[in-house]
Amino acid sequence: MCQDRVIKLLIFGFIAGFLLQESSPHPASSSSLSKERRGGTTAEDEDYDYDDDDEPSKEMGTNDVNGGGGGVDQNTMLLTRNHTVETEINDTVTLPCRVNNPQNNTIVMWFKTTTLLYVRDNKHSKDPRLSLGSDFSLTIQNVHVEDDSIYKCIVYPVNKSAYITLKVRGPPYNVMITHGNKDHTNGHLEIQQHDRKFIIHCRASGFPTPLISWSFRGKHLDEAHAKQTGISVRKEFLEIHDVKSHHAGDYECLAQNGIGEPVSAVVNVEIKSPPSIAKHIDYLNTAIGETAELVCLYHSNPTAMKIQWFRGDEPLHETSKFSINRDRHNHHLRTRLTIKDIEQKDLVSYVCRITNNLGEATAKTTLGLLPGAAHLANFSYSDGLLHTIWRVRSVQPLSDLQILYKGENTKYTTIDATISEQNREENSDFWNIKRSIRLPEGEWFITARAKNTEGWAYTETVPLQFQIPGEVSLEKRVPGGSSTASVRQLSSYCGSLASLVVLFAVLRRMH
């Protein structure tokens, strides 16, 4: 039905276009009209080639430096204009300095930026690759990338000059990483975290202009990785707006322009800040007579001056009951407090304190007999059921697990999970409890708490948010669907397509 409708409207469009064409006068062709409006060709219609016989521009006219002629030949002119010359490494290149009607008093000087190369035929450069031609041109043999620069020839006494930019095609070179005005290429950079923000800049020489990319700790900083690490990359600039200890590491700048191999430079960034606690546990379950180990993972740069443990306000030291150890765990520094033969009086709060010369950090862990918090270890959703697995630490046997859930605008509903000794991990104090919950479509919040022989856990875990998907309606199933909404959408689509076809046909016939 849709296809027939389009074909009919397409035929109508061609007929309408034909009638419009017959009823309107034929316009002049675009080419003849263009010529009539232009009134002939212009300078823009042809390529302009500068020739030795061309008249120089007014900018290239003579300049009487003596104010009244003073012996300056009015016909001596510098014909060379400012321009760019491209060449390859190891080639020979000649830079022109064309002078019309030079006189005995004419002096030609060559500079590379501000370095004097020649005065007349007197060479001031020690580079054997340079030579001066009889026509005042400068020749460079065996071109190096370092020859890429701006050259200037000056003609006296007419006091005229021409700038020639020499571009040497070759791989990137002189890759440099700077912070502020200091060069830190392949070096070390110290940043204070309280500075909050820092920027490093990578620049590289080469023609074509090299493209710059960044890596952090050996991984390319694409958009996703940069956002994840809190790093902003803007071409050759790398910015961190909120400096954290995890921003320490190697930053590599890679320059490439499609010629030869990419060239890189590295800077090692060290972040100095007050200590920070990376991980600890708020509550630890234990039992009378057991041994408990409390752990603090931390960062400290500069190195920590003091690492202390307290029971309440009482500082702890190495004894037969308490032992304190320091080591590394993965990428973190770690301090561990081991308490042997737990007694009732040991069931209190303990604090680890890390101090360096920029500040300190503390973390508190409470030791008790109640079970630890219930953590959601895994979950899945199928057939209208949310399947959950909860993990709880308890030296004592668990007797109950309550799962609490609620909708966006409802109160919590509680269900119990069945627990047996089989839920306990072998040779471990951890328990894994499974429970499935039937939940309709919508947004849900779920938490849980456990009970052992000593009682219920103090608190539930922070509620987790779930979005339960709904069934796909016919209105959403366009392919193969037969609902009224689907048919209506398809009909509208056909009508829009047919209208566009008619409009295209009419416009094409009119033009």
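Structure values in brief
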{"quantity": "Candidate set: region 330-345, residues that are within 24 Å of A457 (Cβ to Cβ) and crowded, with 19+ Cβ neighbours inside 10 Å; chosen: the one farthest from the chain's Cα centre (by Cα)", "calculated": "I342"}
{"quantity": "Filter result (buried (at least 21 other Cβ atoms within 10 Å of the Cβ), within 25 Å of the chain's Cα centre (by Cα) and hydroxyl-bearing (S, T, Y)) within region 251-309", "calculated": "Y251, S273"}
{"quantity": "Matching residues in region 198-237 - criterion: being charged (D, E, K, R) and either open to solvent by 80 Å² or more (accessible area, probe 1.4 Å) or within 9 Å of the chain's Cα centre (by Cα) (or both)", "calculated": "R203, R217, K219, D222, E223, K227, R234, K235"}
{"quantity": "Candidate set from region 180-197 (those that are assigned to a strand (DSSP E or B) and open to solvent by 40 Å² or more (accessible area, probe 1.4 Å)); member that is modelled with the lowest pLDDT", "calculated": "Q192"}
{"quantity": "Any strands (runs of 3 or more DSSP E) falling wholly within region 352-409 and containing at least 1 residues that are open to solvent by 20 Å² or more (accessible area, probe 1.4 Å), under 30 Å from I307 (Cβ atoms) and of a type in the set (S, T, Y)", "calculated": "359-368"}
{"quantity": "So H317, is it under 28 Å from the mean Cα position of the chain (by Cα), without any contact (Cβ under 8 Å) to a residue 12 or more places away in the chain and open to solvent by 60 Å² or more (accessible area, probe 1.4 Å)", "calculated": "no"}
{"quantity": "Some residue of region 221-231 being part of a strand (DSSP E or B) and touching a strand residue (DSSP E or B) at 6+ places or on another chain (Cβ under 9 Å)", "calculated": "no"}
{"quantity": "Cβ-Cβ under 7 Å pairs, at least 6 apart or on other chains, region 221-235 side among the small types (G, A, S), far side part of a strand (DSSP E or B) and at pLDDT 90 or above", "calculated": "A226/S232; A226/V233; G230/I240; S232/E239"}
{"quantity": "Residue list for region 421-443, filter: without any contact (Cβ under 8 Å) to a residue 40 or more places away in the chain, within 17 Å of N285 (Cα to Cα) and among the polar types (S, T, N, Q)", "calculated": "N427, S428"}
{"quantity": "Selected residue (criterion: farthest from E408 (Cα to Cα)) from residues of region 444-472 that are part of a loop (DSSP other than H, G, I, E, B), of a type in the set (V, I, T) and in contact (Cβ under 8 Å) with a residue 24 or more places away in the chain", "calculated": "T453"}
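Rundown of residues vs (1) part of a strand (DSSP E or B); (2) closer than 26 Å to K182 by Cβ; (3) touching a Pro at 6+ places or on another chain (Cβ under 9 Å), yes/no style:
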position	(1), (2), (3)
A255	yes, yes, yes
I271	yes, yes, no
A287	no, no, no
E290	no, no, no
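The values are calculated or read from the model by the stated rules, or taken from the named source; none is laboratory data. Note that this is a predicted model, so its numbers are computed, not measured. Counting neighbours? That spans all protein chains shown, and the Cβs are built from the backbone with ideal geometry, glycine included. Keep in mind that these areas ignore ligands, DNA and RNA; they rest on the heavy atoms of the full protein, side chains included. Shrake-Rupley method; radii C 1.70, N 1.55, O 1.52, S 1.80 Å.
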